[in-house]
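Report on the following structure.
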Amino acid sequence: MSVQSDKWIIQMARDNDMISPFEDKQVRGDKISFGVSSYGYDARVSDEFKIFTNVNSEIVDPKNFKSSNFITKNSSECIIPPNSFVLARTVEYFKIPKNVLVICLGKSTYARCGIIVNVTPLEPGWEGHVTLEFSNTTPLPAKIYANEGVAQFVFIKGNEDPSVSYADRNGKYQGQKGVTLPKI
């Protein structure tokens, strides 16, 4: 296995429509950066947010998840309440090759503000918008900016294809669009 460089990411994105829309260089300016980096791709968060609320005093149960646990907001920014949680999704749609595993890490700009980004690995053969999980670990409200960079995806190429990919086993999150809630 080996971590793949910017040249490989650019080539795979162009040849296989691996990331769409795709930026083949780092975009900065007055935004939190996104696009190809040295050994990864910095993805953006869309303007669709699901903010946890306890208005209904529900229990968060992954086997019986209720959409009433969230308030949905479409906006250019999202305020995460103190010690709270938000779901969002990437702007980019990913199509992961069968011989690649993708690990996601939060960007330091947000991490230094106490905002933790969690994403489970993108398995070989998976495709869809990535659902992003944000935790505000601070006692203060925290802001996320839509259409700006939030997380870096690192591509690890296997020496051989797995015997069964995510697509082969018809994974429950295959082809997801929008913010996708838990499924069993």
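Per-residue answers, yes or no, for (1) more than 30 Å from Lys98 (Cβ to Cβ); (2) surrounded by 12 or more Cβ atoms within 10 Å (Cβ to Cβ):
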position	(1), (2)
Ser2	no, no
Ile9	no, yes
Arg14	no, yes
Met18	no, yes
Val27	no, yes
Asp42	no, yes
Asn54	yes, no
Pro62	no, no
Pro81	yes, yes
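Please specify each residue of the range 73-85 satisfying the condition of being assigned to a strand (DSSP E or B) and more than 15 Å from the chain's Cα centre (by Cα).
Within the range 73-85, Lys73, Asn74, Glu77, Cys78, Ile79, Ile80 meet the criteria.
Please enumerate the residues belonging to the range 95-118 that are touching an Asp or Glu at 6+ places or on another chain (Cβ under 7 Å) and closer than 18 Å to Gln174 by Cβ.
The answer is Lys95, Ile96, Lys98, Asn99, Leu101.
Look through the range 56-71, keep the residues that are at pLDDT below 85 and of a type in the set (Val, Ile, Thr), and return whichever of them is nearest to Thr180 (Cα to Cα).
Val60
What are the residues in the range 2-19 that are of a type in the set (A, V, I, L, M) and either without any contact (Cβ under 8 Å) to a residue 60 or more places away in the chain or in a loop (DSSP other than H, G, I, E, B) (or both), if any?
Once the filter is applied, which keeps residues that are of a type in the set (A, V, I, L, M) and either without any contact (Cβ under 8 Å) to a residue 60 or more places away in the chain or in a loop (DSSP other than H, G, I, E, B) (or both), the range 2-19 yields Ile10, Ala13, Met18.
Which residues, counting only those in the range 20-72, are part of a strand (DSSP E or B), under 23 Å from Cys113 (Cβ atoms) and more than 15 Å from the chain's Cα centre (by Cα)?
Val27, Ser37, Ile51, Phe52, Phe70, Ile71
The values are calculated or read from the model by the stated rules, or taken from the named source; none is laboratory data. All figures in this text were calculated on a predicted structure; none of them were measured in a lab. Using ideal geometry, Cβ is built from the backbone for each residue, glycine included, and neighbour counts are taken over all protein chains shown.
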